[in-house]
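Since the structure comes first, as structure tokens, the remarks are kept for the end.
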Amino acid sequence: MKQFKIAGGTVTGSTHSKIGKNNQDAYEVYQTENLIIAVVADGCGSKSCVSSEVGSKLGAKLLVNSIANNYPKNPDLSIAQLLEKAKQDILSHINLLSNSLDPNPILAINDYFLFTLVGVVITKEETVIFSIGDGVFIVNGEVEEIGPFPDNEPPYIAYNLTQSSMCNSTDYQLDFTIHRSLTTTELKSLLIGTDGVMDLINAQEKNIPGKTKQVGPISQFWEKPSFFTNPDMIRRNLFLLNNEKKLIDWKEKEVTNSYGLLQDDTTIIVISS
């Protein structure tokens, strides 16, 4: 659908950078004349999750590929039905991989495959925003935060395979939740992001580290053409917000540390008509 422009970017959170931890977020975009799919994924941040960035990258790609493959083959299926099929496809791949990686597949799932998903499917007729787990989306300028969940423990799609306590108490949270459905003609702008986006929203009146310029409103990401003409612009912008600086006042002989503003890994995809 050529009437929509799409851009995305991600940055490692400042708390992760300080301890040498990888960015555990990922994103994936698919666009044709008839279909747009965009997904952000956030890997588990717990110390017990060894390499959850593996799962977030894999999960985002599997979700997009499943919908992209099944949508043209099954024109009568609703997006909700496509999401349920995608869920089963993702779980099938995770189950196969985890059984190959460890004699105890639950340990492999905990190490690699705990991640949240927030996404959107846009057809010529309908736009649907969905998730499993926490995150943020902004439709036509209206911000909606998904979560946080009790004890800061979001549901992960792989919990469907581990028989965790969450499976028994809140089964509905382990399915894709549709948060918003609107006609595509109503869609003017959309941002989907991992939960680190809330730091970005709350920092709008703060100065960019080492500069006197303010961060500015979140709306700049879908309003400024430069974010769409340069595919690296969003990442560069997020990087500047987390680029810690030492400010030296030679006259007063003082050194002030200017810290990164995005503590958590932060990933966004923006879509604009």
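Going by the structure shown, is Ile6 in a strand (DSSP E or B), touching a helix residue (DSSP H, G or I) at 6+ places or on another chain (Cβ under 8 Å) and surrounded by fewer than 19 Cβ atoms within 10 Å (Cβ to Cβ)?
Here the answer is yes, as Ile6 does meet what is asked.
Mind telling me which of the residues Ala80, Ala108 ends up being assigned to a helix (DSSP H, G or I) and within 20 Å of Ile178 (Cα to Cα)?
Matching residue, one of Ala80, Ala108: Ala80.
Here are some residues: Asn99, Asn110. Which one is crowded, with 17+ Cβ neighbours inside 10 Å and more than 30 Å from Phe221 (Cα to Cα)?
Asn110
Let me confirm something: among Ile67, Ile94, which residue is touching a strand residue (DSSP E or B) at 6+ places or on another chain (Cβ under 6 Å) and surrounded by 20 or more Cβ atoms within 10 Å (Cβ to Cβ)?
The unique qualifying residue is Ile67.
Over 30 Å from Lys224 (Cα atoms) and hydrophobic (A, V, I, L, M, F, W, C): is that true of Leu83 in this structure?
So Leu83 passes the test.
Which residue out of Leu83, Leu77 is among the aliphatic types (A, V, I, L, M) and in contact with a strand residue (DSSP E or B) (Cβ under 9 Å, 6 or more places away or on another chain)?
The match here is Leu83.
Do you know which residues across segment 1-47 are under 17 Å from the mean Cα position of the chain (by Cα) and of a type in the set (D, E, K, R)?
Matches in segment 1-47: Asp25, Glu28, Asp42.
On the given criteria, is Glu33 out of contact with any His (no Cβ under 6 Å at 6 or more places or on another chain), outside any strand (DSSP E or B), in contact (Cβ under 8 Å) with a residue 24 or more places away in the chain and closer than 21 Å to Leu101 by Cβ?
no
Pairs needed: first member in segment 229-253, under 18 Å from Gly210 (Cα atoms); second member anywhere, surrounded by fewer than 16 Cβ atoms within 10 Å (Cβ to Cβ) and at pLDDT below 60; C-beta distance under 9 Å; at least 6 residues apart or different chains.
Hits for this filter: Lys246/Val255; Leu247/Val255; Ile248/Val255; Asp249/Val255.
Taking segment 208-222 as the search range and keeping residues that are surrounded by fewer than 18 Cβ atoms within 10 Å (Cβ to Cβ) and more than 20 Å from the chain's Cα centre (by Cα), which one is nearest to Ile268 (Cα to Cα)?
Gly216
What are the residues in segment 105-147 that are free of Cβ contacts under 8 Å to residues at least 24 places away in the same chain and under 19 Å from Gly59 (Cα atoms), if any? Explain how you work it out, then say what you get.
Filtering segment 105-147 down to residues free of Cβ contacts under 8 Å to residues at least 24 places away in the same chain leaves 107-108, 142.
Hits for segment 105-147 are Leu107, Ala108.
Filter segment 135-163 down to residues that are surrounded by fewer than 21 Cβ atoms within 10 Å (Cβ to Cβ) and of a type in the set (S, T, N, Q) and give me whichever is modelled with the lowest pLDDT.
Among residues in segment 135-163 that are surrounded by fewer than 21 Cβ atoms within 10 Å (Cβ to Cβ) and of a type in the set (S, T, N, Q), the one modelled with the lowest pLDDT is Gln163.
Just wondering, is there one or more residues in segment 209-222 that are closer than 18 Å to Gln24 by Cα, at pLDDT 95 or above and of a type in the set (A, V, I, L, M)?
Scanning segment 209-222 turns up no residue that is closer than 18 Å to Gln24 by Cα, at pLDDT 95 or above and of a type in the set (A, V, I, L, M).
Listed here are the residues, each with its yes/no results for (1) of a type in the set (Lys, Arg); (2) within 20 Å of the chain's Cα centre (by Cα); (3) within 17 Å of Glu28 (Cβ to Cβ).
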{"residue": "Glu53", "(1), (2), (3)": "no, yes, yes"}
{"residue": "Leu62", "(1), (2), (3)": "no, yes, yes"}
{"residue": "Asn70", "(1), (2), (3)": "no, no, yes"}
{"residue": "Leu77", "(1), (2), (3)": "no, no, no"}
{"residue": "Gln81", "(1), (2), (3)": "no, no, no"}
{"residue": "Asp89", "(1), (2), (3)": "no, yes, yes"}
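What residue, among those in segment 185-207 that are closer than 16 Å to Val139 by Cβ and among the polar types (S, T, N, Q), is nearest to the chain's Cα centre (by Cα)?
The qualifying residue nearest to the chain's Cα centre (by Cα) is Ser189.
The values are calculated or read from the model by the stated rules, or taken from the named source; none is laboratory data. These figures come from a predicted structure and were not determined experimentally. Virtual Cβ from ideal backbone geometry, glycine too; neighbours counted across all protein chains shown.
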